[in-house]
1. Any chance you could run the full-extension gain for Val14 through Thr130? It's 0.36 nm times the residue separation minus the Cα-Cα distance, nm to one decimal.
2. What residue among Thr10, Ile63, Thr28 has its Cα farthest toward the positive end of the dipole of the stretch 4-137, where the charges are +1 on Lys, Arg and -1 on Asp, Glu, each on the Cβ?
3. What ratio of Cα Rg to 2.2 N^0.38 Å holds for the stretch 2-137?
4. Exactly which trypsin sites (Lys or Arg not before Pro) in the stretch 1-51 are in a DSSP loop and have at most 14 other Cβ atoms within 10 Å?
5. Using the Cβ atoms and a cut-off under 9 Å, what net charge is assigned to the surroundings of Glu73, where Lys and Arg are +1 and Asp and Glu are -1?
6. Note the direction-averaged projected area, equal to a quarter of the hull surface, for the Cα convex hull of the stretch 28-89, in nm².
7. Ranked by accessible surface with a 1.4 Å probe, highest first, in what order do Cys125, Cys103 come?
8. When all protein chains stay in place, what accessible area (Å², nearest 10, 1.4 Å probe) is found for Ser74?
Amino acid sequence: MLRGAGLRVTRPRVAVLGAVFAHPHADTESIIGVVREDLPDVSHQTVYDALRALTDAGLLRRIQPAGSVARYESRVGDNHHHVVCRSCGAIDDVDCAVGETPCLTASDDHGYALDEAEVTYWGLCPTCSTVRSPDDL
Ligand SMILES: [Zn+2]
Ligand SMILES: [Zn+2]
């Protein structure tokens, strides 16, 4: 994948790519934790640099819901959306509402060439919505 994207193959890049594949929507700190299981001496900066290079090359997608730190995922290029739990911050993928990338067809694109539509659905995940009793509301 790295060569296909024109990137030099380095151990940190391979480890970061593997970590994001295994842990979709992970934040930088958790990715560093996973990468250090393989490469104990890797620095924060090296992981940041790898994440940036992989994102710029289109191998990873960076998402950042309001109030959250940046998260990374390997599911790129399909313009999917996300549902985010207001309570615990859990994130799941949501396909476009109908068919394939219909969200890119704006009611008025103002002449812009659109390539991405970002929709975030907010609510409570199943765990949080069952934990919360009526007394908490
Ligand atoms: Zn939750
Ligand atoms: Zn996603």
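The values are calculated or read from the model by the stated rules, or taken from the named source; none is laboratory data. As the structure is a prediction and not an experimental result, all values here were calculated from the model. Methodologically, a virtual Cβ is constructed for each residue, glycine included, from the backbone with ideal geometry; neighbour enumeration extends over all protein chains shown. Keep in mind that these areas ignore ligands, DNA and RNA; they rest on the heavy atoms of the full protein, side chains included. Shrake-Rupley method; radii C 1.70, N 1.55, O 1.52, S 1.80 Å.
1. The span from Val14 to Thr130 would gain 37.9 nm if fully extended.
2. Thr10
3. Against the compact-globule rule of thumb, the ratio is 1.22.
4. Answer in residue order: Arg3, Arg8.
5. Neighbourhood net charge equals +3.
6. 5.0 nm²
7. From most accessible down to least: Cys103, Cys125.
8. 30 Å²
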